[in-house]
Structures are given as structure tokens and as C-alpha cells.
1. Out of the residues in the stretch 60-95 meeting the condition of being at pLDDT 65 or above and hydroxyl-bearing (Ser, Thr, Tyr), tell me which one is farthest from Gly27 (Cα to Cα).
2. Could you tell me whether any residue of the stretch 7-21 is at pLDDT below 75 and either exposed (fewer than 10 other Cβ atoms within 10 Å of the Cβ) or among the hydrophobic types (A, V, I, L, M, F, W, C) (or both)?
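The values are calculated or read from the model by the stated rules, or taken from the named source; none is laboratory data. Given the structure is predicted, the values throughout are model-derived calculations rather than measurements. Here the Cβ is made from the backbone with ideal geometry for all residues, glycine too, and neighbour counts use every protein chain on show.
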Amino acid sequence: MSASKGRKIETRGEYWRGRIAEQERSGQSVHMFCKAHGLTEQSFYLWRKRLRQQDPVRFAVLEREPARQSTMEHSLELVLTTGERLRIRSGVDGAMLRAVLEALRA
């Protein structure tokens, strides 16, 4: 693959990464978002799948904050690379947590 072709693919990937993130933040369905932005759903889904396969799941270092009150419920918060937060409260069953992590990896 030539260097210019590699940069072109990288640029398209960056473009689609931005559109996908924008759609997720908008709260619109993929259909409505694509219609409003002149995109084809087929391309949107193709690039979303392609980019998800390339992006490894990354985790951030979490620091435990001291409890503010003794009655405060314990929880774990995952901050995704997209900036979204997933708060997991104590008492969540292990099977459900595994299902959530599998969905995030998909």
C-alpha cells in the first residue's frame, strides 16, 4: 500500500470516527442522523463496525475517593475513551457485569 493511500484511509477513518461519535452524542437514530447529514446508513454501519474492530478496549487508572458519608453506596465508575461514564453500583450480579463488558467490547 502506498503512503498516500494509507493516509487517505486514515483520513477517512478519522472522518467517520467523528461522525459516529457525533451521532452517539446527538441521541438521534442512525437513520435520522444519516438522513440529516447526507450519509448512507450502509456506509455508517460499515465504518462503525470497521472502527470498533480496530479500537482496542482501553481502561483508565481509577483512584478511589474517600467516602463522603458512611451511608454512601459503593460504586465503580468506568470512563470510556468517548468520554461516556458507566457507573456500576455494589450488588450488581457478575453475569450482568460480564454481559455489559461484552457489549462494550463488541
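1. Taking the candidates together, the pick is Ser90.
2. Just the residues of the stretch 7-21 that are at pLDDT below 75, to begin with: 7-10.
Filter once more, keeping what is either exposed (fewer than 10 other Cβ atoms within 10 Å of the Cβ) or among the hydrophobic types (A, V, I, L, M, F, W, C) (or both): 9.
The answer is yes, given that some residue of the stretch 7-21 is at pLDDT below 75 and either exposed (fewer than 10 other Cβ atoms within 10 Å of the Cβ) or among the hydrophobic types (A, V, I, L, M, F, W, C) (or both).
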